[in-house]
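For reference, the structure discussed in these notes is given below.
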């Protein structure tokens, strides 16, 4: 697991450098959103995702993708409610990502 | 090949794929829920259809199936967890894998998101015993798959998923065309609108 997490980071770093985006410290945020607001939202989202992943026993990739590729009923239901949760949150928080 | 080496290789490919798909940016993931950028749907369902096809092919040539414990089982925990993950992804802009991808591009918000997942996990460990609800009571037999539930060949499930993927893809193209000029990417720290 630790090796995969390490590999994921390095893999993303390599393609990021290769595509000439480089490594640059930044807080990515929508127009008109202050850095502090963005960091609070990132922290809140991380907390929710940590809670959700602990509850479900896995994340978008492990349950949603791997499970669905094995045709698990639970995984397909998971993907459904995942999108419902996303759209519900987007109703309230989508305005933070105006282009 | 040792387990560590194969894990590293899979991680490298996974990270590279997430980055190339643009998932290191919370804009891409949020764009899905504002119906202006369907990259997330296309990559997710494309991956499911490809992985399922390869898996069925591997079974077809006589390779061993995955351990049954890999197949998730349906209970309240999966339902609530899925909802919270979807909501958290929109609020924070990442999921666990893409937070690492974002961090690899230098995004400080991705690092904050990633670190806050641990308190989230601890919160659940603390909360669960306080509730008189068994979140893990099974709603269906353990490790149930759709083809077993309906009683059909897995090929039909694959065909249905491929069809759903194709239709969703077309729908995505339609929405992306309607929101032309709102799909953006980050190059050298600057937001570029395609």
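Just so you know, all these numbers are worked out from the coordinates, no wet-lab data involved. Quick caveat: nothing in here was measured; it's all calculated off a predicted structure. Cβ atoms come from the backbone with ideal geometry, glycine included; neighbour counts cover every protein chain shown.
Please arrange B:45, A:92 by counting, for each residue, the other beta carbons lying within 10 Å of its beta carbon, fewest first. Working shown, then result.
On the way: B:45 22, A:92 11.
Taking fewest neighbouring Cβ atoms as first place, the list is A:92, B:45.
Would you mind ranking A:27, B:48 by Cβ crowding within 10 Å, fewest neighbours first? It would help to have the intermediate numbers written out before the result.
Working: A:27 18, B:48 26.
Taking fewest neighbouring Cβ atoms as first place, the list is A:27, B:48.
Give me B:7, B:69 sorted ascending by neighbouring Cβ count inside 10 Å, so fewest comes first. Before the final figure, lay out the partial values.
Values: B:7 19, B:69 9.
Placing the least packed residue first, the sequence is B:69, B:7.
Bins of 10 Å, beginning at zero and ending with the bin holding the largest distance: percent of Cα pairs per bin for chain B, please.
Calculated P(r), rounded to whole percents: 7, 24, 34, 27, 8, 0.
Can you compute the modelled spin-label distance between residue B:123 and residue A:88, with each label point 7 Å from Cα toward Cβ, in nm?
1.5 nm
At q = 0.16, 0.22 Å⁻¹, what log₁₀ I(q)/I(0) does a Debye calculation on the Cα points of the stretch B:99-187 give, no solvent, two decimals?
Evaluating at q = 0.16, 0.22 Å⁻¹ gives log10 I(q)/I(0) of -1.02, -0.97.
Using 7 Å Cα-to-Cβ label points, what is the residue B:142/residue B:115 separation (nm, one decimal)?
4.0 nm
Where a ≥ b ≥ c are the square roots of the eigenvalues of the C-alpha gyration tensor, would you call chain A rounded, which needs a/c under 1.5, or, failing that, prolate if a/b is larger than b/c, or oblate? Write out the running numbers ahead of the final one.
On the way: a/c = 2.04, a/b = 1.18, b/c = 1.73.
The shape class here is oblate.
Determine the relative contact order of the stretch B:1-139: mean sequence separation of Cα pairs under 8 Å and six or more apart, normalised by residue count, in whole percent.
Values: 86 pairs, mean separation 42.7, N = 139.
Relative CO of the stretch B:1-139 lands at 31 percent.
Quick check on chain B: helices-only [θ] at 222 nm, where DSSP H runs of length 4 and up contribute -39,500 (n - 2.57) each and the sum goes over total residues. Nearest 500, please. Intermediate values should be presented prior to the final figure.
On the way: 8 runs with 124 residues, N = 194.
One gets -21000 deg cm²/dmol as the mean residue ellipticity at 222 nm.
Between residue A:19 and residue B:66, what is the label-point separation in nm under the 7 Å Cα-to-beta-carbon projection?
2.6 nm
Between the stretch B:1-26 and the stretch A:10-48, how far is it from one alpha carbon centroid to the other, in angstrom?
18 Å
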